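Structure first, then comments.
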Amino acid sequence: MSYETIIVETRGKVGLVTLNRPKALNALNSQVIGEINAVLDGFERDPGIGAIVITGSEKAFAAGADILEMKAKTYPESYLEDFITTWDRIGQRRKPIIAAVAGYALGGGCELAMMCDFILAADTAKFGQPEIKLGVMPGAGGTQRLTRFVGKSKAMEMCLTGRLMDAAEAERVGLVSRIVPAADLVAEAMKVAAQIADLSLPAVMMTKESVNRSYETTLAEGVRFERRVFHAMFAMADQKEGMAAFAEKRPADFKNR
Ligand code: HXC
């Protein structure tokens with residue numbers, strides 16, 4: 001299948017999605033979101049894919065939802081089409097997704113990055129929720145996810161003023177897992193993704209599910225969920241292989257079952 005707004009590659013067991021609307025700084029219109037979802041549907045079904053990287057350009061991961069596409073929308077239109085709901089599917093994927101962010105990740109771009117499982121940032125990355133300057137507010141989870149990532153005070157300041165956060169601040173407050181030099185960003189994200197893709201896929205997916213559960217439940221229920229899944233892992237051949245490999249001092253050869 002060919003795409004117009006993204007470039008899709010697979011390298012080994014890693015799927016790489018590069019946002020590709022350079023003239024609009026990768027602004028996210030309905031076509032981009034549709035194409036991302038179509039690719040992720042395929043990656044989710046493909047047993048040969050173990051991890052996914054989403055990245056943009058050097059200048060922009062994505063400068064937001066496409067303002068030109070949105071500007072004339074009416075309330076009934078946005079209600080009837082349930083505008084933005086299709087974006088949520090990106091955050092509901094079961095395989096791990098790394099956001100590799102260089103340059104601007106603003107508005108919907110920041111929200112897209114936060115829907116991924118973790119964010120690797122180039123030293124050039126700039127995050128922000130500037131929607132307030134357009135007379136609106138974040139609509140793809142920004143008021144919720146940013147607050148969970150960085151706490152109320154900083155999230156409130158960013159959403160109310162539209163101030164941008166540079167990579168160093170984003171790392172300090174836990175929005176990104178770490179910073180790498182811009183020139184190494186995609187290679188480093190692909191390396192980390194390949195490491196993850198070499199592990200037991202069911203164990204990786206269950207781990208993702210369990211970490212994400214911490215956002216949806218109480219500590220006691222989350223720990224109970226974790227324990228149930230942990231116990232279930234002893235039914236997996238990959239658990240036997242992983243622990244046998246350790247005992248036999250050899251690399252594990254996971255079969256993903
Ligand atoms: C549509 C956009 C765009 C956007 C940039 N462009 N951002 N088009 N939607 N979000 C276009 C510009 O119109 C311009 O097109 C081209 O990309 C280059 O942008 P410039 O502004 O010329 O570049 P620069 O001066 O370097 O400034 C970069 C920038 C600025 C600071 C990132 O582009 C900017 O402020 N963009 C908007 C950021 C924003 O408000 N994002 C939130 C959107 S609302 P032309 O044709 O003129 O060359 C949102 C809602 C989310 O995301 C809620 C639901 C998802």
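The values are calculated or read from the model by the stated rules, or taken from the named source; none is laboratory data. Note that the structure is a prediction, hence the values are computed from the model and not measured. Ideal geometry is used to build each Cβ from the backbone, glycine not excepted, and the neighbour counts take in all protein chains shown.
Some observations on this one:
- Pairing each residue of the range 183-200 that is under 19 Å from S57 (Cβ atoms) with any residue that is surrounded by fewer than 18 Cβ atoms within 10 Å (Cβ to Cβ), provided the two are 6+ apart or on different chains, yields C-beta distances under 7 Å for M190/R11.
- Of the helices (runs of 4 or more DSSP H) lying entirely inside the range 1-87, those carrying at least 3 residues that are away from the ligand (no atom under 16 Å from the Cβ) and either without any contact (Cβ under 8 Å) to a residue 40 or more places away in the chain or surrounded by fewer than 21 Cβ atoms within 10 Å (Cβ to Cβ) (or both) are 30-45.
A quick yes/no check of all residues on (1) among the acidic types (D, E); (2) buried (at least 21 other Cβ atoms within 10 Å of the Cβ); (3) at pLDDT below 95; (4) in contact with a Phe, Trp or Tyr (Cβ under 9 Å, 6 or more places away or on another chain):
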position	(1), (2), (3), (4)
A125	no, yes, no, yes
E131	yes, yes, no, no
A140	no, yes, no, yes
L146	no, yes, no, yes
L164	no, no, no, yes
E171	yes, no, no, no
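- Evaluating R93 against the criteria (1) in contact with a strand residue (DSSP E or B) (Cβ under 6 Å, 6 or more places away or on another chain); (2) under 30 Å from G12 (Cα atoms); (3) away from the ligand (no atom under 15 Å from the Cβ) leaves one unmet condition, (1).
- When the range 118-153 is limited to residues that are among the β-branched types (V, I, T) and without any contact (Cβ under 8 Å) to a residue 24 or more places away in the chain, the one that is farthest from the ligand (Cβ to nearest atom) turns out to be T147.
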